[in-house]
Every structure is written in C-alpha cells, then in structure tokens.
Amino acid sequence: MSVIVKPLVTEKANAISEKFGNRYSFVVAKEADKGEIKKAVEELYNVKVVKVNTMIAPAKRKSRYTKAGVISGSVSSYKKAIVTLAEGEKIDFYSNI
C-alpha cells in the first residue's frame with residue numbers, strides 16, 4: 001500500500017508553505033496514521049519530519065446546470081496531511097518538471 005498518494009499543490013497549501021517555510025501538504029491514504037506518514041515522507045524526500053497534522057476532507061455534493069439539464073455528482077473524501085520539517089530542510093515539488 002502506498003501511503004502518500006500525491007503532493008497537494010493548491011493556492012492555500014502554497015500560501016502555508018510560503019508563510020511558514022517548512023510546511024508541506026500531501027494527500028495520503030485514509031488508513032495511514034501519523035507515524036506511517038512521517039516515515040514515508042522521510043524515506044521519499046530524504047528530510048527530517050518534526051510534526052504531522054492530519055485531517056479528512058469530507059465528500060461534497062456538486063451539481064451544475066447544462067443544456068441537457070442538471071448534472072449532479074459528488075467529489076469523494078480524502079485524507080490530507082500537513083508535514084512540518086526541521087529547520088533548514090526543504091522539499092522541491094517542481095524539480096522534475
């Protein structure tokens with residue numbers, strides 16, 4: 001099972017990263033706990049993790065109006081982790097682009 005699904009690159013996540021300098025957000029597996037997330041980030045990015053905060057973003061119902069009528073669906077829920085790194089540590093998500 002893969003613990004880290006993907007890095008979360010949104011405006012809010014980037015604002016947190018710029019404000020604090022050492023916090024990064026990830027979408028993680030719902031079954032993963034804080035210890036597993038810490039270990040996975042340290043192994044994947046070769047950094048020292050100080051703290052992990054997790055939250056579950058709830059599912060949301062979405063609908064939009066089109067020519068064919070109302071289309072409704074839902075956005076599934078996911079677990080998000082905000083990882084705080086040690087001073088001087090850094091992760092570059094854009095190095096492979």
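The values are calculated or read from the model by the stated rules, or taken from the named source; none is laboratory data. What you are looking at is a predicted structure, and each value in this text was computed from that prediction instead of being measured. When we count neighbours, we look across all protein chains shown, and the Cβ atoms used for this are built from the backbone with ideal geometry, even at glycine.
Within the range 17-59, the set of residues being in a loop (DSSP other than H, G, I, E, B) and closer than 14 Å to residue 77 by Cα comprises 29, 30, 31, 58, 59.
Give the residue that is surrounded by the fewest Cβ atoms within 10 Å (Cβ to Cβ), with candidates limited to residues of the range 64-92 that are of a type in the set (Lys, Arg) and within 30 Å of residue 37 (Cα to Cα).
Taking the range 64-92 and keeping what is of a type in the set (Lys, Arg), we get 64, 67, 79-80, 90.
Narrowing further to those that are within 30 Å of residue 37 (Cα to Cα): 79-80, 90.
Working: 79: 17, 80: 16, 90: 11.
Checked the range 64-92; the qualifying residue surrounded by the fewest Cβ atoms within 10 Å (Cβ to Cβ) is 90.
For the range 27-63, taking the residues that are among the charged types (D, E, K, R) and within 21 Å of residue 10 (Cβ to Cβ), the one that is surrounded by the most Cβ atoms within 10 Å (Cβ to Cβ) is identified as 51. Contact map, the range 5-25: residues that are free of Cβ contacts under 8 Å to residues at least 24 places away in the same chain paired with residues that are of a type in the set (A, V, I, L, M) and part of a strand (DSSP E or B), Cβ distance under 7 Å, separation 6+ or inter-chain. Pairs shown: 6/27. Among the candidates 47, 41, 28, 52, single out the residue that is free of Cβ contacts under 8 Å to residues at least 60 places away in the same chain, touching a helix residue (DSSP H, G or I) at 6+ places or on another chain (Cβ under 9 Å) and closer than 18 Å to residue 92 by Cβ. Being free of Cβ contacts under 8 Å to residues at least 60 places away in the same chain, touching a helix residue (DSSP H, G or I) at 6+ places or on another chain (Cβ under 9 Å) and closer than 18 Å to residue 92 by Cβ holds for just one of 47, 41, 28, 52, which is 47.
If you take the residues in the range 60-97 that are of a type outside the set (Gly, Ala, Ser), within 14 Å of the chain's Cα centre (by Cα) and outside any loop (DSSP other than H, G, I, E, B), which one is farthest from residue 46 (Cα to Cα)? So the residue we want is 78. One residue alone among 76, 72 is of a type in the set (Ser, Thr, Tyr) and in contact with a Ser or Thr (Cβ under 8 Å, 6 or more places away or on another chain), and that residue is 72. Among the residues of the range 21-43, those identified as at pLDDT 90 or above and not charged (D, E, K, R) are 22, 24, 25, 26, 27, 28, 29, 32, 35, 37, 40, 41.
Yes/no per residue for (1) charged (D, E, K, R); (2) modelled with pLDDT of 95 or more; (3) in contact with a strand residue (DSSP E or B) (Cβ under 8 Å, 6 or more places away or on another chain):
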site	(1), (2), (3)
13	no, no, yes
19	yes, no, no
46	no, no, no
79	yes, yes, yes
82	no, yes, yes
92	yes, no, no
